[in-house]
Amino acid sequence: MVPLNHYLILSAAIFAIGVVGVVIRRNLIVVLMSIELMLNAVNLTFIAFSRFLGSMEGQVVVFFVMAVAAAEAVVGLAIIISVFRHRQSLDPQEMQLLKW
Amino acid sequence: MTVSTAVFYLVAAITIGSAMIVAFSRNIIYSAFSLLGTFAGVAGIYIFLGADFVAAVQVLIYVGGILVLVLFAVMLTHRITDVEITNRAAGRIPALIVVGVLVYLLAQTVRETPWAKAKEIVYAATTAKIGDLFLDTYLLPFELASLVLLAALIGAVVISRKEIKE
C-alpha cells in the first residue's frame, strides 16, 4: 500500500516540471503542453485525496478540470495557429505589441 | 516491497521521466510525443487509486483528444526540418531558483501537514456514484461545463479560420 505522501510528492514533481517548462521554454506550443502537465498534476492530487478520504467529490471535480483543460487547449491552439499565420514565429518574447 | 508497490514506483518514474522530456527536450516533436508517456502514466496511477472511470476518461480525452490536437498544431506551425531553432530555452538560472523554492514549499507542506485519512479504503466501481453526483449535487456546474465546451468549440473555429477579404 503506497502512502498518500508519495502520491502528493509525485504530483508536486510533475507540477514543478510544468512550471519549469512554462518559464524557460520559448515556444508557445511547449508552454501549452507544460500547462497541461500542471493540470494533470492537480488532477492527480484530487484523485489521491478522493481515495484516501473515501469521498467521491474529488473525482467529480476532476471531470470539470478536464472539461476546462480541453476548452483551454482547443482555444489556445487556435490562437497559436492564428498567431503563427500572422507573424511566422511562436517565440513569446517577440510578442510585445502591447509593451511600450 | 510488494509487486504492486514496485509497479507504482515504475509507473511514477516513467511519468516523471517523460514529463522531463516534455519540458527539457530541444526538439518539439520529442516533447509532443513524450506527452503521451505522461498522460498514460497518470492514467495508470489513477487505476492504482481505484478511479477506473477517471482513468478511462483520461485516456480518451488526453491521449485521444488533446495529444492529437497538439500534434496537429506542431505539424501545422513548424517547418519540421529546422527543429534546432524551434524550441530554445531562456533565463534558466532565475527560473530554476523560483522552481526550487516552489518544490521546497510543496514538499514541506506535504510532509508537515497531518492529513486526515479514512479508516478503511474500499475498492468499488465508481461510475454509478459519479453519475449520481453529476445529476444531483453538481447539476449546475455540469450544465455550465457543457456551455463552456460549446463556447470553446465555436471560439476555436472563429479564431483559427482564414479571414475572407470582402
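The values are calculated or read from the model by the stated rules, or taken from the named source; none is laboratory data. Note that the coordinates shown come from a computational prediction; the quantities given were computed from them, not determined experimentally. Every residue, glycine as well, gets a Cβ built from its backbone with ideal geometry; the counts of neighbours run over all protein chains shown.
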*Just wondering, is there one or more residues in segment B:38-58 that are modelled with pLDDT of 90 or more, more than 27 Å from B:G131 (Cβ to Cβ) and either β-branched (V, I, T) or surrounded by fewer than 12 Cβ atoms within 10 Å (Cβ to Cβ) (or both)?*
yes
*Identify all residues within segment B:1-48 that are of a type in the set (S, T, N, Q) and under 23 Å from A:M1 (Cα atoms); write none if there are none.*
B:T2, B:S4, B:T5, B:T15, B:T38
*Just checking, which of A:A48, A:A16, A:A70 is more than 30 Å from B:L147 (Cα to Cα) and not charged (D, E, K, R)?*
A:A16
*With (1) touching a Gly at 6+ places or on another chain (Cβ under 9 Å); (2) in contact (Cβ under 8 Å) with a residue 40 or more places away in the chain; (3) not hydrophobic (A, V, I, L, M, F, W, C) as the list, and A:P92 as the residue in question, which single condition is left unmet?*
(1)
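Here's the yes/no breakdown for (1) surrounded by 11 or more Cβ atoms within 10 Å (Cβ to Cβ); (2) at pLDDT below 90; (3) over 20 Å from the mean Cα position of the chain (by Cα):
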position: B:T86; (1), (2), (3): yes, yes, yes
position: B:R92; (1), (2), (3): yes, yes, yes
position: B:A107; (1), (2), (3): yes, yes, yes
position: B:Y123; (1), (2), (3): no, yes, yes
position: B:T126; (1), (2), (3): yes, yes, yes
position: B:L140; (1), (2), (3): no, no, yes
position: B:E166; (1), (2), (3): no, yes, yes
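Residues are listed down the side, and each one gets a yes or a no for (1) farther than 14 Å from B:F39 by Cα; (2) out of contact with any strand residue (DSSP E or B) (no Cβ under 6 Å at 6 or more places or on another chain):
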site: A:A12; (1), (2): yes, yes
site: A:F15; (1), (2): no, yes
site: A:V19; (1), (2): yes, yes
site: A:I24; (1), (2): yes, no
site: A:V30; (1), (2): yes, yes
site: A:L44; (1), (2): no, yes
site: A:E57; (1), (2): yes, yes
site: A:V61; (1), (2): yes, yes
site: A:M66; (1), (2): no, yes
_Total residues in segment A:21-56, condition surrounded by fewer than 24 Cβ atoms within 10 Å (Cβ to Cβ), in contact (Cβ under 8 Å) with a residue 24 or more places away in the chain and among the β-branched types (V, I, T)_ = 4
*Yes or no: A:V2 under 22 Å from B:V59 (Cβ atoms), in a loop (DSSP other than H, G, I, E, B) and at the interface with chain B (Cβ under 7 Å from one of its Cβ atoms)?*
yes
*Got a number for residues in segment A:43-57 being closer than 11 Å to B:T126 by Cβ and under 20 Å from the mean Cα position of the chain (by Cα)?*
1
*Can you tell me which residue among A:L77, A:L37, A:L8 is at the interface with chain B (Cβ under 9 Å from one of its Cβ atoms), over 24 Å from B:I97 (Cβ atoms) and in a helix (DSSP H, G or I)?*
A:L77
_Let me confirm something: among A:V61, A:V68, A:V83, A:V42, which residue is of a type in the set (V, I, T) and within 7 Å of another protein chain (Cβ to nearest Cβ)?_
A:V68
